[in-house]
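The values are calculated or read from the model by the stated rules, or taken from the named source; none is laboratory data. As the structure is a prediction and not an experimental result, all values here were calculated from the model. Cβ atoms come from the backbone with ideal geometry, glycine included; neighbour counts cover every protein chain shown. The area values use the complete protein model at the heavy-atom level, side chains included, leaving out ligands, DNA and RNA. Shrake-Rupley method; radii C 1.70, N 1.55, O 1.52, S 1.80 Å.
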Amino acid sequence: MKNKLIGTKLVHCGRDRELSSDFINIPPYRGSTVLFDSVEDMFYRENRKAQGEYETTYGTDGGPTHQALFKAFCELEGGYRAWAYSTGLAGCVMPILALTACGDHILVTDSVYGPVRSFCEKTLTRFGVEVEFYDPLIAGGIESLFRSNTKLVYMESPGTHSFEVQDVPAIAAAARRHGIRTMIDNTWATPLYFRPMEHGVDIVVHALTKYIGGHSDILMAIATCNEETWPAVRDTSNQLGQLVGADDAYLALRGLHTLKPRLEYQSRSAREIIAWLKEQPLVERIHWPADEDDPGYSIWKRDFSGASSLFAITFKDEVSDEQIRDFASSLKVFGRGYSWGGFESLVCLSYGKRECSSNFKMNKSVRIAIGLEDTEDLIEDLKTGFETMLRTPL
Ligand SMILES: *Cc1c(COP(=O)(O)O)cnc(C)c1O
């Protein structure tokens, strides 16, 4: 059969009838201790592990369920090996730790997920790594920021509060010319809509907590590495005792198989809702790269094959903070909560810190995650939100 398309890959990936006793799903294999036939068997399997193979000599290596998940992501992303972490955040920071040492310099997009910024500012600097935040729209201009001790460029595209789309191929190519490693937080797009390794990125991280888990019931990340970065990421992750339980690995795999229809529905629903929102008089603009009016549209169209359902509304300047709070508090179908990517639609006031100049008006914006409800009900709910705002005079 010719190369499978991504939707088919999502359904088939990570499955193995031998491991699942001919059932469709590989069960969650829980376990700490592994038994060996002989000391020779112990040596043999330790040796295979040392060669970089997935081999379980103890529970911290992950068992068959974990390996199924790792293999699934390597197939989807075009990676060499992957590792899973007990929160999305852990998966973002662990490769940074793996690839840097005291005296190094790293470049981190200014649009980065807030807790990763905190890790860089507080923990990394404590260990003597110099962190510089760069304008997410810098593209190939990143080259002018490289120093002799620059080790890593960290990307997130689009940023999940301010939604700038980065020129990932240009940044990856510049870094490669200088022997600098690159990694990206690809949570917004998922492997369904963007595959950064095809554009030269070394490590791709996903918070599986979001669309891939898809049901707001797991916290987890996966970092997929190429052959060059894998040994360092594996060693640091092992040394810091990083892994997830088999039950969570099982849920992530299960979520992965239904990703395409969920995301396609959510994306279509987001598009309809955005078209409606753009007509509302209190709305200044919408931040969603798949919208033709968005400044990130051309790069998004060039590199991505779709858009997920997380976006932001920026209200007009005359809208007060109190009105924005009233809007978010009045919604009944949307929940109020951090996170996104589950079946429920959510709203959250935008927040975050910036160092480089940015056009994103953080304190006038609200982030919206579209879930799996009927679109008409969501629009009706938003309509009530706008009516509530207007009850407070401008
Ligand atoms: C949520 C999120 C994370 C972290 O995931 P947690 O499981 O909540 O720690 C990382 N990156 C992005 C872009 C996220 O939205």
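Hey, could you check the range 301-316 for residues that are away from the ligand (no atom under 16 Å from the Cβ) and outside any strand (DSSP E or B) and say which is surrounded by the most Cβ atoms within 10 Å (Cβ to Cβ)?
D303
Select from the range 317-337 the residues that are assigned to a loop (DSSP other than H, G, I, E, B) and either in contact (Cβ under 8 Å) with a residue 40 or more places away in the chain or of a type in the set (V, I, T) (or both) and write down the one among them that is most open to solvent (accessible area, probe 1.4 Å).
Per the criteria, the residue is K332.
Among the numbered conditions (1) under 22 Å from the mean Cα position of the chain (by Cα); (2) surrounded by fewer than 24 Cβ atoms within 10 Å (Cβ to Cβ), tell me where I171 comes up short.
(2)
Go through the range 232-255 and count every residue that is more than 16 Å from the ligand (Cβ to nearest atom) and either open to solvent by less than 20 Å² (accessible area, probe 1.4 Å) or within 26 Å of H199 (Cβ to Cβ) (or both).
Summing the residues that are more than 16 Å from the ligand (Cβ to nearest atom) and either open to solvent by less than 20 Å² (accessible area, probe 1.4 Å) or within 26 Å of H199 (Cβ to Cβ) (or both) in the range 232-255 gives 6.
Could you go through the range 121-128 and let me know if any residue there is of a type outside the set (G, A, S), open to solvent by less than 20 Å² (accessible area, probe 1.4 Å), in contact (Cβ under 8 Å) with a residue 12 or more places away in the chain and not in a helix (DSSP H, G or I).
No, the range 121-128 has no match at all.
Of all the residues that make up the range 191-231, how many are open to solvent by 20 Å² or more (accessible area, probe 1.4 Å), away from the ligand (no atom under 14 Å from the Cβ) and either without any contact (Cβ under 8 Å) to a residue 12 or more places away in the chain or among the polar types (S, T, N, Q) (or both)?
1
Considering only residues that are more than 27 Å from I6 (Cα to Cα) and not acidic (D, E), look in the range 256-281 and name the one that is surrounded by the fewest Cβ atoms within 10 Å (Cβ to Cβ).
So, considering only residues that are more than 27 Å from I6 (Cα to Cα) and not acidic (D, E), the one surrounded by the fewest Cβ atoms within 10 Å (Cβ to Cβ) is P281.
Those residues that are part of a loop (DSSP other than H, G, I, E, B) and either within 16 Å of the ligand (Cβ to nearest atom) or farther than 15 Å from M197 by Cβ (or both), I need them from the range 45-98; list them, please. Break it down into steps so the answer makes sense when it comes.
Initial filter on the range 45-98 (part of a loop (DSSP other than H, G, I, E, B)): 51-57, 62-63, 78-80, 86-87.
Within the range 45-98, Q51, G52, E53, Y54, E55, T56, T57, G62, G63, S86, T87 qualify.
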